[in-house]
Amino acid sequence: MNQWFNEELDEQYFDLGARVSIKIGETLFEGQSDFQKLQIVKTPNFGNMMILDGAVMLTEANEFAYHEMIAHIPLFAHPNPKRVLIIGGGDGGAAREVLRHACVEECVMVEIDGLVVEKSREFFPTIACELDNPRLTLLIEDGIKYIENAQNEFDVILIDSTDPAGPAEGLFTADFYKKVNNALKVDGLMAAQAESPYYFQKTQKELFGVLNGIFPYTTMYLSAIPFYPSGTWSFAFASKDYSEISHARVVDLEKMTPSLQYVNPALFRGCFALPNFIKKIIA
Ligand code: SAM
């Protein structure tokens, strides 16, 4: 019954000659939306797994390493995040983590694909568990269109996107990040999933070329995520005013730490320590 799911990176991206391989069981859902192919499968040891257009998005067993990091690092770096925007994130994991912050009055989540949200509610109830929280405004529309009309509105913006192909292609462009900059308040900051520094250096160089030209302060932080290509994953951090530590709410983070699986105060500081080859990518 068990077979292997292979994420064929060499076909999908460059001629890498590497792939992610995970033993899978029963298929729970398979369907094509207007935007992408969604598959949800059982795995013997890591819970249910979501795959979009052949790329692993998450498993129930280790989604925390992604969702805690995309949300808590920027939210704890901001002294008082009240309004937060998530672009993408249809599984609900980033929203779940954002809403742990009592200071957040409203989180707007703009996901292009209603099918991802619908099936996450059904097959990932521990991830989608805050999607009906009254502090969450969930919009099913293109984040690129949404951001055009947002001016000086958000303290923190999270780009929780798929890889730079299909509907997410525009989420890696200068035009988009200029609009993100406009949508942030004067002291706002943002974080974006930024691929693997081992395999996707070209994408990262382009992304940081864009961010460095728009934001006064940029850096990168890392997380270890086993089923993403290479297992080393990165997030771009870009800010109009605060560095990652200048206004960090360390006491609040200490209080939240017992309820988290990944982030703690030492990890918050340590995730910004970058190997030399990565410093060159983002310079
Ligand atoms: N949280 C996930 C994880 O653990 O890997 C990250 C993937 S999340 C499912 C990415 C979402 O971004 C997808 O549901 C996709 O539909 C959405 N997305 C892609 N392009 C988008 C766009 N232009 N506007 C809004 N959402 C977009």
Task: Index of the failed condition, residue 199 passing every other in (1) under 15 Å from the mean Cα position of the chain (by Cα); (2) of a type in the set (Phe, Trp, Tyr); (3) at pLDDT below 95 - done: (1)
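Tell me the residue from 181, 133, 149 that is away from the ligand (no atom under 12 Å from the Cβ) and either in contact with a Leu (Cβ under 9 Å, 6 or more places away or on another chain) or of a type in the set (Val, Ile, Thr) (or both), please. Step through it out loud before you land on a result.
Working: 181 fails: either in contact with a Leu (Cβ under 9 Å, 6 or more places away or on another chain) or of a type in the set (Val, Ile, Thr) (or both); 149 fails: either in contact with a Leu (Cβ under 9 Å, 6 or more places away or on another chain) or of a type in the set (Val, Ile, Thr) (or both).
So the residue among 181, 133, 149 that is away from the ligand (no atom under 12 Å from the Cβ) and either in contact with a Leu (Cβ under 9 Å, 6 or more places away or on another chain) or of a type in the set (Val, Ile, Thr) (or both) is 133.
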Task: Failed item in (1) crowded, with 24+ Cβ neighbours inside 10 Å; (2) farther than 21 Å from residue 217 by Cα; (3) not acidic (Asp, Glu), with residue 62 passing the rest - done: (1)
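Does segment 251-264 contain any residue that is modelled with pLDDT of 95 or more, of a type in the set (Gly, Ala, Ser) and closer than 16 Å to residue 64 by Cα?
Taking segment 251-264 first, the residues modelled with pLDDT of 95 or more are 251-264.
If we keep only those that are of a type in the set (Gly, Ala, Ser) as well, we get 259.
If we keep only those that are closer than 16 Å to residue 64 by Cα too, we end up with 259.
Yes.
Only residues that are away from the ligand (no atom under 12 Å from the Cβ) and closer than 23 Å to residue 48 by Cα: list them for segment 100-130, please. Break it down into steps so the answer makes sense when it comes.
Going residue by residue through segment 100-130, those that are away from the ligand (no atom under 12 Å from the Cβ) are 100-107, 121-123, 125-126, 129-130.
Answer for segment 100-130, where residues must be away from the ligand (no atom under 12 Å from the Cβ) and closer than 23 Å to residue 48 by Cα: 121, 122, 123, 125, 126, 129, 130.
For residue 210, state whether it is surrounded by 17 or more Cβ atoms within 10 Å (Cβ to Cβ), without any contact (Cβ under 8 Å) to a residue 40 or more places away in the chain and closer than 26 Å to residue 57 by Cβ. Break it down stepwise before answering.
Numbers: surrounded by 17 or more Cβ atoms within 10 Å (Cβ to Cβ): yes; without any contact (Cβ under 8 Å) to a residue 40 or more places away in the chain: yes; closer than 26 Å to residue 57 by Cβ: yes.
Yes.
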Task: Flag if residue 228 is part of a strand (DSSP E or B) and either outside the structural domain of residue 207 (by TED's automatic domain parsing) or surrounded by 15 or more Cβ atoms within 10 Å (Cβ to Cβ) (or both) - done: no
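Suppose we filter 54, 47 for residues that are at pLDDT below 95 and surrounded by fewer than 22 Cβ atoms within 10 Å (Cβ to Cβ); which single one remains? Give the steps one after another, and end with the answer.
Values: 47 fails: at pLDDT below 95.
Testing whether each residue is at pLDDT below 95 and surrounded by fewer than 22 Cβ atoms within 10 Å (Cβ to Cβ) leaves just 54.
Hey, among 141, 111, which residue is under 27 Å from residue 39 (Cα atoms), modelled with pLDDT of 95 or more and under 17 Å from the mean Cα position of the chain (by Cα)? Show your work before the answer.
Values: 141 fails: under 17 Å from the mean Cα position of the chain (by Cα).
One residue alone meets the criteria, 111.
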Task: segment 115-139: number of residues that are surrounded by 19 or more Cβ atoms within 10 Å (Cβ to Cβ), free of Cβ contacts under 8 Å to residues at least 60 places away in the same chain and out of contact with any strand residue (DSSP E or B) (no Cβ under 7 Å at 6 or more places or on another chain) - done: 1
Task: Residue list for segment 41-68, filter: near the ligand (Cβ under 10 Å from one of its atoms) and part of a loop (DSSP other than H, G, I, E, B) - done: 53, 62, 63
Task: Enumeration of residues in segment 158-196 that are among the aliphatic types (A, V, I, L, M), under 16 Å from residue 208 (Cα atoms) and more than 14 Å from the chain's Cα centre (by Cα) - done: 174, 180, 189
- [ ] Look at segment 93-130 and say how many of its residues are of a type in the set (A, V, I, L, M, F, W, C), out of contact with any helix residue (DSSP H, G or I) (no Cβ under 7 Å at 6 or more places or on another chain) and under 20 Å from residue 193 (Cα atoms).
- [x] 5
TODO: Take segment 140-176 and flag every residue that is touching a residue at least 60 places away in the same chain (Cβ under 8 Å) and out of contact with any strand residue (DSSP E or B) (no Cβ under 8 Å at 6 or more places or on another chain).
DONE: 165, 166, 167
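Please verify whether segment 161-172 includes one or more residues that are under 24 Å from residue 228 (Cα atoms), modelled with pLDDT of 95 or more and not assigned by TED's automatic domain parsing to the domain that holds residue 7.
So the first thing to find is which residues in segment 161-172 are under 24 Å from residue 228 (Cα atoms), and the list is 161-172.
Next, only the ones that are modelled with pLDDT of 95 or more stay: none.
No - not one qualifying residue is present in segment 161-172.
The values are calculated or read from the model by the stated rules, or taken from the named source; none is laboratory data. All values reported here derive from a predicted model rather than from experimental measurement. A quick note on method: Cβ atoms are made from the backbone with ideal geometry, for glycine too, and the neighbour counts reach across all protein chains shown.
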